[in-house]
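The values are calculated or read from the model by the stated rules, or taken from the named source; none is laboratory data. These figures come from a predicted structure and were not determined experimentally. Using ideal geometry, Cβ is built from the backbone for each residue, glycine included, and neighbour counts are taken over all protein chains shown.
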C-alpha cells in the first residue's frame, strides 16, 4: 500500500504510524470496508446505515466512559485535561449532533435508547474497557486509537477521492464531517497524545520495548473489531 495513503494523518515514525504499518492489510480491510465503499458511492442500503447509526449511538456512550477511565488512569495533568476534554466533546457535543443526525433518517432518541445493543458493539466496547481496567493509560489509548484515527483516515480519503459521489449522496453529510479539518485535528490530537504517553512510558523506540508485541496485539484486535462493526451494519440489510 502507498505509504503516503496509509499515513496521511499520522507520522509513520510515530507509535500510531508504526502500529498501522504492523498490520497494513487489516488496516485496509477496516478503512476500505464494503460499508465505507457504500458510503462513498451512496449505494449503501439505508437499512444498513440506520443499524449502524443506532449502534454508533451506543458505542459513543461507551466511548465516553472509556475516555473518562483514561482520565482516571492518567497522572500528568496535561493528559487528564486532554481526556476530560474528549469526554466533554463526546457527551455535550458529539452525542447531541448524533441524535440530530439520526432524526434525518427517521430515528429519534427513544429509538436509540430502546434498541438492543448488538453483540458486535458489546464485543468492541467491552474489549476497550477491559484494556483500560486491567492495563495502564497507554494500553487504553492504543485500544481507542483505531476508532479516532481510522475515521480520520476514512474521511480524508473519501474527501479527496474523485470517485466519491457528492451530488445526491444520502451520506454526504457523514463524509463531510469526517473529511473536515475539525475532525482531522481530532485525529491528529489523539495521535499526538498517544505519542506523548508512549514516550513517557516506553521511550522513543517503541518497537524495541518489551511492550511492543502486546501493544501491537491490542491495536490489531481493536482494528478487527472495527471491521466487525462495519460488517454488523451490512448484515442488518440482508
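Would you check if there is a residue in the stretch 95-107 being closer than 22 Å to residue 193 by Cα and assigned to a helix (DSSP H, G or I)? So far as the stretch 95-107 goes, no, none of its residues is closer than 22 Å to residue 193 by Cα and assigned to a helix (DSSP H, G or I). Figure legend. Inter-residue proximity from the stretch 161-189: first residues free of Cβ contacts under 8 Å to residues at least 12 places away in the same chain, second residues surrounded by 14 or more Cβ atoms within 10 Å (Cβ to Cβ) and part of a helix (DSSP H, G or I), beta-carbon distance below 8 Å, spacing 6+ or different chains. Indicated pairs: 166/172. Against the list (1) crowded, with 22+ Cβ neighbours inside 10 Å; (2) within 13 Å of the chain's Cα centre (by Cα); (3) modelled with pLDDT of 95 or more, the condition residue 224 fails is (1). Kindly indicate whether any position in the stretch 69-79 is assigned to a helix (DSSP H, G or I) and out of contact with any helix residue (DSSP H, G or I) (no Cβ under 9 Å at 6 or more places or on another chain). Scanning the stretch 69-79, I find at least one residue that is assigned to a helix (DSSP H, G or I) and out of contact with any helix residue (DSSP H, G or I) (no Cβ under 9 Å at 6 or more places or on another chain), so the answer is yes.
Go over the candidates 188, 172 one by one and state the one that is under 19 Å from residue 90 (Cβ atoms), surrounded by 15 or more Cβ atoms within 10 Å (Cβ to Cβ) and out of contact with any helix residue (DSSP H, G or I) (no Cβ under 7 Å at 6 or more places or on another chain).
Numbers: 172 fails: under 19 Å from residue 90 (Cβ atoms).
On inspection, the qualifying residue turns out to be 188.
Residue by residue through the stretch 192-213, note down the ones that are touching a residue at least 12 places away in the same chain (Cβ under 8 Å), within 16 Å of residue 23 (Cα to Cα) and surrounded by fewer than 17 Cβ atoms within 10 Å (Cβ to Cβ).
Let us first name the residues in the stretch 192-213 that are touching a residue at least 12 places away in the same chain (Cβ under 8 Å), namely 193-198, 200-202, 206-207, 211.
With the extra rule that they be within 16 Å of residue 23 (Cα to Cα), the set shrinks to 206-207.
Selection gives 207 alone.
Of all residues in the stretch 188-212, those being within 21 Å of residue 73 (Cβ to Cβ) and assigned to a helix (DSSP H, G or I) number 16.
For the condition closer than 22 Å to residue 189 by Cα and either in a helix (DSSP H, G or I) or at pLDDT 95 or above (or both), what is the one hit in 35, 59?
Details: 35 fails: closer than 22 Å to residue 189 by Cα.
Residue meeting the stated conditions: 59.
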